[in-house]
Amino acid sequence: MKIRIQPLKKGELKPLFTNPNELGFCKLFTDRMFVMPYTEVDGWHNPEIKKLGPIPMEPSTIVLHYAQEIFEGLKAFRTKKGEINLFRPEMNAKRFNRSAARMCMPTIPESDFLASIEMMVRLEERWVPSTSGASLYIRPFMIAADTTLGVRAASSYLYLVILSPVGPYYAEGFNPISLYVSDEYTRASRGGTGEAKTGGNYAASLLAGRTAREKGCAQVLWLDGQEHRYVEEVGAMNIFFVFGDRLVTPALNGSILPGITRDSVLALAKDMGLKTEERAVSIDEVCGGITTGSVTEIFGAGTAASISPVGSLRYREQDYVVGNRKVGPLSKKMYDTLRGIQYGELEDRFHWTTKVPLEKPAEA
Ligand SMILES: *Cc1c(COP(=O)(O)O)cnc(C)c1O
């Protein structure tokens, strides 16, 4: 893939952030975007990096009506030596294509997906914060571009990549969150689109998210769509339970998003000598385990927060407090290990990181 890079003039560049600790999550975007159209006749063509700006659309553009859209999320990390690491980007490329297949969208060669990310990060290198904990969030996404209101898969698409510098997730400290267990709403169901990273899953989750916040909880813990009995995930994070010397997480069943952080946590846990189980976990087993003390830790795992310790669950108007609302030892160890690998401070024995070349590519 030969990417055309439109040069930006000095005066077109935004001023850089001054304090990475105040960046928050995806409020500011960098100077450029990657854009590549797809048509049935030409396939993917004219890959281009240009100034970030509006993408003009007809009001009838199909993504606006029927939500044929997919996305990915990953981060670039600045090491102490000044290098830039991506964390398992080939997993994002594979998942993007699995999401594409589920949503009747064209796949993108993995090498092109990876090249689009690498070239964007190389060009926007100055936006990768140097503060540990801060990073550059990378958002590749694809939208259906046909202009018709007929319900069917589109024949034209747009693939884009945008970047946002993000502050440390735990600016106020590594503190456990409360989760609201929803047995009213469901995020996804078997046979639905739960395992695809598609916008509609998020739209379906908003109302329960609002309820959770009204109840003083940070996020929703979703149960299965059939019986509201088995734990699924947190909506942007997968979920883990420590039962004694076992680390348990719901098995991927079609309605759970297969997280890359989830996969990494399972690999690290095995490496640490823990027993791991991927299986159905009922909410009764979890709440019972918290009450008897056999569940000692709960944590979420996803790209945005990395590891998010859970201090309590609110289920049917009752609070189940885990580990005295303190960060458990395994949550802390997982967080430190992932972060150590991502920021190049621990040996990367699993070969999870990819270095982004720092030489500036030619703009033309
Ligand atoms: C992205 C996402 C996750 C976490 O996946 P990671 O690859 O670990 O970031 C979990 N659940 C849902 C619904 C997601 O969209």
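The values are calculated or read from the model by the stated rules, or taken from the named source; none is laboratory data. These numbers were taken from a predicted model, which means no experiment stands behind them. Glycine also receives a Cβ, built like all others from the backbone with ideal geometry; neighbour counts cover every protein chain displayed.
Details
- When we screen ARG262, ARG246, ARG279, ARG210 for residues that are of a type in the set (Lys, Arg) and within 20 Å of THR303 (Cβ to Cβ), the only hit is ARG262.
- Residue match in region 4-22 (condition: of a type outside the set (S, T, N, Q), in contact with a strand residue (DSSP E or B) (Cβ under 9 Å, 6 or more places away or on another chain) and under 24 Å from GLY200 (Cβ atoms)): no
- Taking the criterion of being surrounded by fewer than 24 Cβ atoms within 10 Å (Cβ to Cβ) and either assigned to a loop (DSSP other than H, G, I, E, B) or within 12 Å of the ligand (Cβ to nearest atom) (or both), the residues of region 236-246 that qualify are ALA236, GLY244, ASP245.
- Helices (runs of 4 or more DSSP H) contained in region 43-136 and holding at least 3 residues at pLDDT 95 or above and under 30 Å from LEU13 (Cα atoms): 89-102, 110-123
- Test: residue in region 149-163 that is within 30 Å of ILE239 (Cα to Cα) and touching a Ser or Thr at 6+ places or on another chain (Cβ under 7 Å): yes
- Per this entry, PRO37 is counted among residues that are part of a strand (DSSP E or B), surrounded by fewer than 19 Cβ atoms within 10 Å (Cβ to Cβ) and modelled with pLDDT of 95 or more.
- Test set (1) away from the ligand (no atom under 14 Å from the Cβ); (2) at pLDDT 95 or above - TRP222 fails condition number: (1)
- Restricting region 247-296 to residues that are within 13 Å of the ligand (Cβ to nearest atom) and among the polar types (S, T, N, Q), the residue that is farthest from THR186 (Cα to Cα): SER264
- Lone qualifier among VAL161, VAL128, VAL121 - being closer than 19 Å to GLU48 by Cβ and in contact with a Pro (Cβ under 8 Å, 6 or more places away or on another chain): VAL161
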